[in-house]
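The values are calculated or read from the model by the stated rules, or taken from the named source; none is laboratory data. Predicted model, so just to flag it, every value in this text is computed and none were measured. Note: ideal-geometry Cβ built from the backbone for every residue, glycine included; neighbour counts use all protein chains shown. Accessible surface is based on the protein model in full, side chains and every heavy atom, while ligands, DNA and RNA are left aside. Shrake-Rupley method; radii C 1.70, N 1.55, O 1.52, S 1.80 Å.
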Amino acid sequence: MDTGAEIQREVLAEVEGRRDFQRLQRMLEDWQARGVPAELLADELTDLMLDLRAQNRADDEDAVGRVLDTLSGW
């Protein structure tokens, strides 16, 4: 399975669903514990944000941005 697609799919499902940011934080931590580099996570989240922007889904884009901020320590 393509890790990037899996990351985007799981984050999008959570963002479209409950938007449980603690769960999203745990997902990021789990991926990193499995050896997924933070840079790949950041790239995939950025790509997802851009896709959402192109679809005029500002609220979802902002939610993914918040997850990206968490990853970068903001």
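Odds and ends about this structure:
- Count of residues meeting criterion [open to solvent by less than 90 Å² (accessible area, probe 1.4 Å), under 14 Å from T70 (Cα atoms) and either in contact with a strand residue (DSSP E or B) (Cβ under 6 Å, 6 or more places away or on another chain) or without any contact (Cβ under 8 Å) to a residue 40 or more places away in the chain (or both)] in the stretch 13-22: 1
So that you can scan it fast, the table gives a plain yes or no per residue for (1) under 12 Å from the mean Cα position of the chain (by Cα); (2) at pLDDT below 90; (3) open to solvent by less than 70 Å² (accessible area, probe 1.4 Å); (4) among the β-branched types (V, I, T):
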residue	(1), (2), (3), (4)
V11	yes, no, yes, yes
R26	yes, no, no, no
P37	no, no, yes, no
V64	yes, no, yes, yes
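- Meets criteria (of a type outside the set (G, A, S) and assigned to a helix (DSSP H, G or I)) for R19: no
- Hits in the stretch 41-62 - residues which are part of a helix (DSSP H, G or I) and open to solvent by 60 Å² or more (accessible area, probe 1.4 Å): D43, D47, L50, D51, R53, A54, D59, D62
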